[in-house]
Amino acid sequence: MHTRLNEFQQPIGYALADWTPAKQPSKRCLSGRLCRLERLDVATHADNLYQAFAESPDARHWTYLPYGPFETADEYRAFLTGMAELNDPFHYAVVEPSTGKAIGTISLMRIDVANGVIEVGHVVYSPQMQRTPLSTEVMALLQQYVFEELGYRRLEWKCDALNGPSRAAAERFGFTFEGIFRQLQVTQGRNRDTAWYSMLDHEYAQLKSAYQTWLSTDNFDGAGQQINKLADLINQGR
């Protein structure tokens, strides 16, 4: 990219003459073929979520989160009550359409409308979601919403640097690794170094078709196994 210079011959960033601030997430539902994202509602979602998480054989999916595990449904409901009232993070329940039951949660957070930056976080998936096409559609829905409807320039993904599955997911979804922020947080009484990933608006435009191709029914055989890997489709489009 050609370097722009100001009147003092200093290099400066490229102009954003048409930039307008992004929008705040709204409470509307985001619907796909495999799932829908509903604004988190305690009365509607708490019991189903607790039951879905209870299907896990152990509590390993809570290890890298700043909360949980929850011993009782009432304890989890009290936690969700506080989370559902927040606008940042803005929490969604992931709902399986055929049953109408919530089987996971995810949020948009660190919402910076002035600079067009937003983060996806608080990803807590039950066994019903893990390693399924449904979890990939969740990310596709959020990307489309963030970039096409809300007008953000940058979508971030951050996780504990020791959380290998989360880091692998970020890379599979097409996020770019930006580095490690050392000793960034104290979580559950432990040090947390944080791995930073991002996706930019112009990168999303290239990734969108890869997601659409991967999620198509034509990409799965009779046993429900993928024919083309998402990472391969993403790399083909770059």
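The values are calculated or read from the model by the stated rules, or taken from the named source; none is laboratory data. All values reported here derive from a predicted model rather than from experimental measurement. Positions of Cβ are backbone-derived with ideal geometry, glycine not excepted, and every protein chain shown enters the neighbour counts.
Consider segment 124-141. How many of its residues are crowded, with 19+ Cβ neighbours inside 10 Å and either of a type in the set (Phe, Trp, Tyr) or over 14 Å from residue 95 (Cα atoms) (or both)? Residues in segment 124-141 being crowded, with 19+ Cβ neighbours inside 10 Å and either of a type in the set (Phe, Trp, Tyr) or over 14 Å from residue 95 (Cα atoms) (or both): 2 in total. Within segment 131-166, the residues that satisfy the criterion of being more than 12 Å from the chain's Cα centre (by Cα) and within 17 Å of residue 197 (Cβ to Cβ) are 147, 152, 153, 154, 160, 161, 162, 163, 164, 165. Residues considered: 58, 74, 112. Of these, the only one that is surrounded by 13 or more Cβ atoms within 10 Å (Cβ to Cβ) and either modelled with pLDDT of 95 or more or farther than 21 Å from residue 157 by Cα (or both) is 112. Of all residues being hydrophobic (A, V, I, L, M, F, W, C), in contact with a strand residue (DSSP E or B) (Cβ under 8 Å, 6 or more places away or on another chain) and closer than 22 Å to residue 166 by Cα in segment 190-221, which is surrounded by the fewest Cβ atoms within 10 Å (Cβ to Cβ)? Just the residue, please. So the residue we want is 200. If you go through segment 113-128 and keep only what is within 25 Å of residue 85 (Cα to Cα) and in contact with an Asp or Glu (Cβ under 9 Å, 6 or more places away or on another chain), you end up with 116, 117, 118, 119, 120, 121, 126. Take residue 104 and decide whether it is crowded, with 21+ Cβ neighbours inside 10 Å, under 22 Å from residue 164 (Cα atoms), in contact with a helix residue (DSSP H, G or I) (Cβ under 9 Å, 6 or more places away or on another chain) and of a type outside the set (Ser, Thr, Tyr). Yes. Under the condition of being among the hydrophobic types (A, V, I, L, M, F, W, C) and in contact (Cβ under 8 Å) with a residue 40 or more places away in the chain, the residues counted in segment 27-48 number 6. Criterion applied to 182, 153 was being free of Cβ contacts under 8 Å to residues at least 12 places away in the same chain, touching an Asp or Glu at 6+ places or on another chain (Cβ under 6 Å) and over 22 Å from residue 69 (Cα atoms), and the one residue passing it is 182. Taking every residue in segment 4-26 that is within 14 Å of residue 149 (Cβ to Cβ) and pairing it with any residue that is of a type in the set (Ser, Thr, Tyr) and surrounded by 10 or more Cβ atoms within 10 Å (Cβ to Cβ), at least 6 positions away or on another chain, the pairs with Cβ-Cβ distances below 6 Å are 22/152.
Checking the condition among the hydrophobic types (A, V, I, L, M, F, W, C) and more than 27 Å from residue 192 (Cβ to Cβ), which residue from 78, 46 passes? Outline the logic, then answer.
Details: 78 fails: more than 27 Å from residue 192 (Cβ to Cβ).
The conditions single out 46.
Considering 69, 21, the condition of being over 26 Å from residue 113 (Cα atoms) and surrounded by 11 or more Cβ atoms within 10 Å (Cβ to Cβ) is satisfied by 69 alone.
Number of residues in segment 58-113 that are more than 15 Å from residue 48 (Cβ to Cβ), basic (Lys, Arg) and either assigned to a helix (DSSP H, G or I) or out of contact with any strand residue (DSSP E or B) (no Cβ under 9 Å at 6 or more places or on another chain) (or both): the value is 1.
Residues are listed down the side, and each one gets a yes or a no for (1) in contact with a helix residue (DSSP H, G or I) (Cβ under 9 Å, 6 or more places away or on another chain); (2) modelled with pLDDT under 95:
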residue	(1), (2)
185	no, no
191	no, no
195	yes, no
198	no, no
205	yes, yes
212	yes, no
216	no, no
222	no, yes
225	no, yes
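With respect to residue 49, is the statement that it is outside any loop (DSSP other than H, G, I, E, B) and closer than 21 Å to residue 110 by Cβ true? Considered against the rule, which asks whether it is outside any loop (DSSP other than H, G, I, E, B) and closer than 21 Å to residue 110 by Cβ, residue 49 comes out as no.
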